[in-house]
Every structure is written in structure tokens, then in C-alpha cells.
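First comes the structure, then the notes that go with it.
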């Protein structure tokens, strides 16, 4: 219970800080839906079509997508790279992360064995 209260207090402070830092509700929703898309688009779609995909690929995909999106957003001040927005770069990074882990696992362990 003590950890729950500590986590609740910390997340409350994060929420208040975000409310102060963001200019409007539209900005908050834009960030939320960008991270939601980058996090779940590739794992859900690839998980449906890639046989023997595991949570390892999904987790890697989520991490790669979020990191690439946040780094691109802050490094380019929201302008993107070569006409590609941070959202598109994040989805591409998520796809690359999923593919690397999936193909590596299939090469090392075969198509029917999971970790």
C-alpha cells in the first residue's frame, strides 16, 4: 500500500507539471495519441500477421518507437527529418525493432521455438 501511495503522489506531480507545461488540451491530446499510435500500431498489426511473434518483439517495438519519436521531436524541435514527422519516424523505428528481433529469433531458434 505504501508503494501505491508513493506512485500515486509521483504521478499526480507529473500530471500537474504536464498541465502547467502544455499550452492547451489539444496539445495534450496530440501527444497522447502520437505515443499511442507509435506504441501499439506495429505490435498489433505485426502480431496479427507474423506467425510465432512473442512479447519480446512487441516490447522491443514499443521501446524503439517511443524512443525514436521522443528523440526526433526534441532534437528537431518538432520539424521532423527530411519531411518525415516524429510520428512516422517512430512507427518506422518500431517496425525495424520488431523485424530485427523477430528475424534474429527465427534465425537462432527456428520458427517453432519461443524463448
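Would it be correct to say that residue 53 is in a loop (DSSP other than H, G, I, E, B) and over 30 Å from residue 18 (Cβ atoms)?
Yes: the conditions hold for residue 53.
Does residue 60 count as more than 14 Å from the chain's Cα centre (by Cα), within 17 Å of residue 101 (Cα to Cα), surrounded by 10 or more Cβ atoms within 10 Å (Cβ to Cβ) and in contact (Cβ under 8 Å) with a residue 12 or more places away in the chain?
So residue 60 fails the test.
I want to confirm something. Restricting to the range 26-57 and keeping residues that are loosely packed, with under 11 Cβ neighbours inside 10 Å and at pLDDT below 90, which single residue is farthest from residue 106 (Cα to Cα)?
Among residues in the range 26-57 that are loosely packed, with under 11 Cβ neighbours inside 10 Å and at pLDDT below 90, the one farthest from residue 106 (Cα to Cα) is 26.
The values are calculated or read from the model by the stated rules, or taken from the named source; none is laboratory data. None of the values given here were measured: they were computed from a predicted structure. Heads up, the Cβs are rebuilt from the backbone with ideal geometry, glycines too, and the neighbour counts pull from every protein chain shown.
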